[in-house]
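Structure first, commentary second.
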Amino acid sequence: MLLEAKNISYRYQNGPWILKDVTLSVGEGERVGLVGPSGYGKSTLSKILAGYIKPAAGEVLLDGKELPAEGYSPIQLIYQHPEKAINPLWRMKDILHEGWVPDQCTLNAMGIEQGWLERWPAELSGGEMQRFCIARVLGPQTRFLIADEMSTMLDVITQAQIWELMIRIVEERCMGLIVVTHNEALAQKVCTRIISLPELNKL
Ligand SMILES: Nc1ncnc2c1ncn2[C@@H]1O[C@H](COP(=O)(O)OP(=O)(O)O)[C@@H](O)[C@H]1O
Ligand SMILES: [Mg+2]
């Protein structure tokens with residue numbers, strides 16, 4: 001499968017252009033770092049790639065076709081702030097099981113403890129919540145993962161464990177991974193190819 005962004009432009013309301021004529025493509029089995037300083041439109045582009053927001057111009061294509069409008073999306077986004085991505089009124093097990101039911105092996109590898117499943121989001125730390133947000137997007141139908149500053153909330157040891165697991169999973173399933181980060185050293189470590197957003201952006 002191929003995920004393509006073609007000539008994407010975007011601005012919020014009538015604000016300044018954030019993205020201008022941005023084109024990139026990511027194949028399955030690739031791990032691509034999308035790097036650039038804070039405020040350069042990385043999160044905006046991530047949301048466009050995942051189909052959460054529509055670009056003002058240009059298109060996102062999966063194998064040459066528009067993204068499916070409903071159902072489980074093969075392109076899944078992991079945010080920097082897990083608390084913004086989950087419903088605070090749902091128990092963790094319902095949040096986890098919304099898209100698929102992860103096997104025990106995935107939960108163990110993510111360091112998700114059984115007792116956490118019964119808790120409410122407010123009863124977990126940000127790092128603990130983020131493990132759920134990662135586990136829940138690893139469903140069998142996921143073909144591309146976009147990790148937007150995914151590990152910023154995690155301590156260094158957990159970061160290393162989670163990236164190791166992510167790389168193993170995307171390799172095993174031959175998924176595409178887009179690592180969105182201001183941290184070029186992280187991208188160098190995790191990715192097979194690096195794209196600089198400021199260089200792509202024809203502002
Ligand atoms: N919902 C929004 N409404 C208006 N402006 C926004 C919104 N979200 C982000 N922006 C602006 O868009 C620019 C790019 O933001 P963002 O995509 O979050 O960049 P990055 O992820 O690279 O830090 C910033 O100037 C930011 O202030
Ligand atoms: Mg961002």
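Structure notes:
- Check on residue 21, of a type in the set (Asp, Glu) and in a strand (DSSP E or B): yes
- Those strands (runs of 3 or more DSSP E) lying entirely in segment 134-203 with at least 2 residues within 16 Å of ligand 1 (Cβ to nearest atom), surrounded by fewer than 19 Cβ atoms within 10 Å (Cβ to Cβ) and not basic (Lys, Arg): 193-196
- Lone qualifier among 100, 120, 116 - being out of contact with any Ser or Thr (no Cβ under 6 Å at 6 or more places or on another chain) and surrounded by fewer than 14 Cβ atoms within 10 Å (Cβ to Cβ): 120
- Check on residue 43, over 22 Å from residue 168 (Cβ atoms), among the polar types (S, T, N, Q) and within 14 Å of ligand 2 (Cβ to nearest atom): yes
- Remark: pairs (first residue in segment 144-162, within 12 Å of residue 43 (Cβ to Cβ); second residue modelled with pLDDT under 90 and surrounded by 21 or more Cβ atoms within 10 Å (Cβ to Cβ); Cβ separation under 9 Å; 6+ apart in sequence or on different chains) = 150/162.
- Lone qualifier among 43, 38 - being under 27 Å from residue 158 (Cα atoms) and in a helix (DSSP H, G or I): 43
The values are calculated or read from the model by the stated rules, or taken from the named source; none is laboratory data. Being a predicted model, the structure only gives us computed values, none of them experimental. Every residue, glycine as well, gets a Cβ built from its backbone with ideal geometry; the counts of neighbours run over all protein chains shown.
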